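Asks: I am attaching a structure below and will ask some questions about it afterwards.
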């Protein structure tokens, strides 16, 4: 579920080249504050995936909502039924 969400978010990422030591910049417009840089586009993409993962952890720990990415949703588990 989380892996699919991250992949969906990465598929919506926007990348650009900026004047910096790490010239590749990427962000996911639907996820506020989620951005990363890298020396190569692939490094930027890997860094962006890590940022998304950390962003999800923080939002879940704080009980904040997580926007859906297309059909992909992550919702906090309220109760867990064990057994039948």
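Asks: Within the set of pairs 6+ apart or on separate chains, which have a first residue in the range 1-17 that is farther than 11 Å from residue 31 by Cβ, a second that is modelled with pLDDT of 95 or more and part of a helix (DSSP H, G or I), and C-beta atoms under 7 Å apart?
Replies: Filtered contacts from the range 1-17: 2/56; 15/41; 15/44.
Asks: Within the range 9-73, which strands (runs of 3 or more DSSP E) (wholly inside it) include 2 or more residues that are buried (at least 16 other Cβ atoms within 10 Å of the Cβ), at pLDDT 95 or above and in contact with a helix residue (DSSP H, G or I) (Cβ under 6 Å, 6 or more places away or on another chain)?
Replies: 24-27, 35-38
Asks: Here is a list: 32, 42, 19. Which entry is within 21 Å of residue 71 (Cα to Cα) and out of contact with any strand residue (DSSP E or B) (no Cβ under 8 Å at 6 or more places or on another chain)?
Replies: Working: 42 fails: within 21 Å of residue 71 (Cα to Cα); 19 fails: within 21 Å of residue 71 (Cα to Cα).
From the options 32, 42, 19, the qualifying one is 32.
Asks: If residue 6 passes every condition in (1) in a helix (DSSP H, G or I); (2) surrounded by fewer than 14 Cβ atoms within 10 Å (Cβ to Cβ) but one, which one does it miss?
Replies: It fails just one condition, (2).
The values are calculated or read from the model by the stated rules, or taken from the named source; none is laboratory data. Quick caveat, the model's predicted, so the values are computed rather than measured. With ideal geometry, Cβ positions are generated from the backbone for all residues, glycine too; neighbour counts draw on all protein chains shown.
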